[in-house]
Amino acid sequence: MQKVDQKRRDFVSVAAKATAATVVAPGVFLQSVAQAAPRAEPVTDDVRYGLLIDTTKCADGCNDCVAACDQENGIDQLLKPEGASDALWEQQKPRWIRKVKVQDNLTGKQTDMPVMCQHCEHPPCVDVCPTGASFRREDGIVMVDRHTCIGCRYCMMACPYKARSFIHENVQSKTTVAPRGKGCVESCNLCVHRRDNGEKSTACQDACSEGAILFGDLKDPDSKISMALAEKSTVQLRADLKLNTGVRYSGI
Amino acid sequence: MKKILYREWGISGPQYWGLLAILGAVIAVAGFSALYMEHNGHWVTGMTNQVVWGTPHVFAIFLIVAASGALNVASIGSVFGQKMYKPLGRLSGLLAITLLVGGLLVLVLDLGQPSRLIVAMTTYNFKSIFAWNIYLYVGFLAIVAVYLFTMMERKMNPYSRAAGFFAFIWRLILTTGTGSIFGFLVARQGYDAALMAPMFIVMSFAYGLAVYLLVLMFTFKLEGRVLGDKIMGRLKNLLGVFVAAVFYFTAVYHLTNLYGTENHAYEAFILRDGGIYTQLFWASVIGGMLLPMGILFHPALGKSHGGVIGASVLVILGGLASMYVIVIAGQAFPMAMFPDKTIIETGFFDGVNGAAAGYIPSMAEFLLGIGGIAIALLATFVGIRLLRFLPMSLADEVVDPHHA
């Protein structure tokens, strides 16, 4: 009979236990942390978040909301890849919110406004996404699950507001609130991390000194945004598509 | 009509291996291109946040559309009972599979996250036509494989009509799905038309048959097998009719658009002011539809092999140009976000004063697309070398039931 190498058995046993602990423990730990935090509570449709943009207050030449969004969501941390042309890179880097100036074809009246994801009730991007990575939360926020986004960009084809961006390059640094990776699509998520932390505003609203951007709960009749909507005449962009957007504009 | 004999492709070893080496080299270059894009990210392509689908999609969609069309030849034989087409069925099925595989590979390698293909295979949103297409494509491969088996295994021959019928229905649904990728897009002026689905089906008829004719003539010529005038006459007339149908659908699509004022800007962009897109559009209509029709129905040119080769090449090039216009121009044209208003400033390329977005394809994108064609051809040549896909002869006395 062959002699049993006890030392070797002990080593294998310890190694197996150590491996199991290394693999399982972080999961258990994370699980417990996640459960402890209030953000683990399911989002409900008791609220519907949205924005009201008062274009009469939006200042010509001001870009504060864009800069604030870039900083909040780490978009300003993305650097132009070495060797990329400036002109092309401008069109390839992500943009969650942008300023647009339009002129009425009949009257010539000019209007400034920020445009971002309109957080539709019936979002075309969610309809077309093959994997369900593009999804709408119960609270009305439309966003991308970057774990299941395969980078097919069909949502970008489908969005009537050109609200989505594709990450064209390797990501060197990012914020913890807006993780991103090469080859995925992303867009404005109404600073979703702030929702989960119980904050009551978005970065763009905070940055707008003119008060042109108002964030709030569209379902709460006493919220500032609901009261403003009740008073003002507002429109949806591409209202003909009947998407029931969560972002409304006044003064257009 | 004599009994049809099928034999493996018997060209000489050096010819065969030489051919594979050339195609292999093209595929290797395409592989490196895909790796280069995947490693760096899409910034090395001409694609942007405005034009999100580039040249790889043009090739991929062309190949996928052509794949379903290549199956037509088999369908005409077994579903519609045209005896003359029966000997052509096996190659038709093989090309349907290889073209689809070539197209899908290009499509998958152009994903932002190609490594997450497993996610696409396991996580579905059934409201998405893309998700449906995954089933339609994979199902097509399986069904055509079974169809080929019923054609090639004598014991299974009685089932080939049923299999062929099923495959025919499936391919109609599949191309409807491919056309609907664009037809379902409400956001963009150039898409959002139910006509897209039947138009893609008719395009598939023409492109698939053009590819089929070229492969058939090339493989027969290289080995010295006989391709009779009767079969060529049938196939080239059929191609002419299919191309005429593509012309009809193209005309209806644009004339319908021209009737509605809301589409005038888009039509002006495609038909008159779109620069490269306008040039490609008219090149596809004149060079890819009218000219091949003229050749195919010309009393002398249409009967010559050179004429049919020329017409088929023109149909394919015209098809790629049409796809380029549909895919790229449809995105480059600015979205109608503010009706009755003109965008005069924007921080995100929304089309100031109605200007179209720019797109210059990079070499890597183009090479990846070409690689898809090379994969399809390589798989076809290996297939016909190893198995009996090709009939020994398609001479008039072999294929014509009424031949004296």
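Between 0 and 90 degrees, the angle of helix A:6-36 with respect to the longest Cα principal axis of chain A falls at about 20 degrees.
Label sites at residue B:8 and residue B:382, each approximated as a point 7 angstrom past Cα along Cα to Cβ, lie 1.4 nm apart. Which whole-angstrom value gives the distance between the alpha carbon centres of the stretch B:263-296 and the stretch A:40-75? Centre-to-centre (Cα) distance: 43 Å. Under a 10 Å cutoff between Cα atoms, tell me which one of A:187, A:13, A:226 has the largest fluctuation in the Gaussian network model of chain A. Among A:187, A:13, A:226, the largest GNM mean-square fluctuation belongs to A:13.
Here the label points at residue A:109 and residue A:71, each 7 Å from Cα along the C-beta direction, are separated by 3.4 nm in the simple model.
When the C-alpha to C-alpha distance is required to be over 25 Å, the pairs from A:57/A:109; A:162/B:127; A:242/B:127; A:219/B:341; A:80/A:182 that qualify are A:219/B:341. Distance from the alpha carbon centroid of the stretch B:143-192 to that of the stretch A:80-118 works out to 42 angstrom.
If you run the Gaussian network model on chain A, springs between alpha carbon atoms under 10 Å, then out of A:158, A:68, A:230 the most flexible one is A:230. Three semi-axes describe the equivalent ellipsoid of the stretch B:95-232; taken as square roots of 5 times the Cα gyration tensor eigenvalues and ordered largest first, they are 31, 19, 17 Å.
Using alpha carbon centroids, what distance separates the stretch A:132-182 and the stretch B:35-51, in Å? Taking the Cα centre of the stretch B:35-51 as reference, the centre of the stretch A:132-182 is 16 Å away. With R₀ set to 45 Å, the beta-carbon distance separating residue A:90 from residue B:241 gives a calculated FRET efficiency near 0.40.
For chain A, what does the alpha-carbon gyration tensor say about shape, rounded, prolate or oblate, given a ≥ b ≥ c as the root eigenvalues, a/c under 1.5 as rounded, and a/b over b/c as prolate? Since a/c reaches 1.5 and a/b is larger than b/c, the shape of chain A is classed as prolate.
Based on the Cβ-Cβ distance from residue B:169 to residue B:118, what FRET efficiency comes out when R0 is 30 Å, to the nearest 0.05?
Values: r = 29 Å, r/R0 = 0.98.
The calculated FRET efficiency here is 0.55.
Across all Cα atoms of chain B, the radius of gyration (one decimal) and Dmax (whole number) stand at 21.7, 76 Å.
Taking chain B as a Gaussian network of alpha-carbon nodes connected by springs under 10 Å, the highest mean-square fluctuation of the residues B:308, B:119, B:211 belongs to B:119.
Take each residue in B:130-142, count the other chain C-beta atoms within 10 Å of its C-beta, and the mean is 1.
Per residue of A:167-174, other chain Cβ atoms within 10 Å of the residue Cβ number 3 on average.
Sorting B:272-278, B:300-306 by average packing, meaning the other beta carbons within 10 Å per residue, from highest down gives B:272-278, B:300-306.
Peptide B:307-318 is shielded by partner chain Cβ atoms: per residue, an average of 0 of them sit within 10 Å of its Cβ. Computed 3J(HN,Hα) for the stretch B:257-265, one whole-Hz value per residue from the Karplus formula 6.51 cos²θ - 1.76 cosθ + 1.60 where θ = phi - 60°, is 4, 5, 5, x, 4, 4, 9, 4, 5, glycine and proline marked x. Give the shape of the protein assembly as shown as rounded, prolate or oblate, defined through the alpha-carbon gyration tensor: a ≥ b ≥ c are the square roots of its eigenvalues, a/c under 1.5 means rounded, and otherwise the shape is prolate if a/b is larger than b/c and oblate if not. Oblate.
No lab work stands behind these numbers, since they all come straight from the coordinates. If you're wondering where the values come from, they're calculated on a predicted model, not measured in any experiment. Counting neighbours? That spans all protein chains shown, and the Cβs are built from the backbone with ideal geometry, glycine included.
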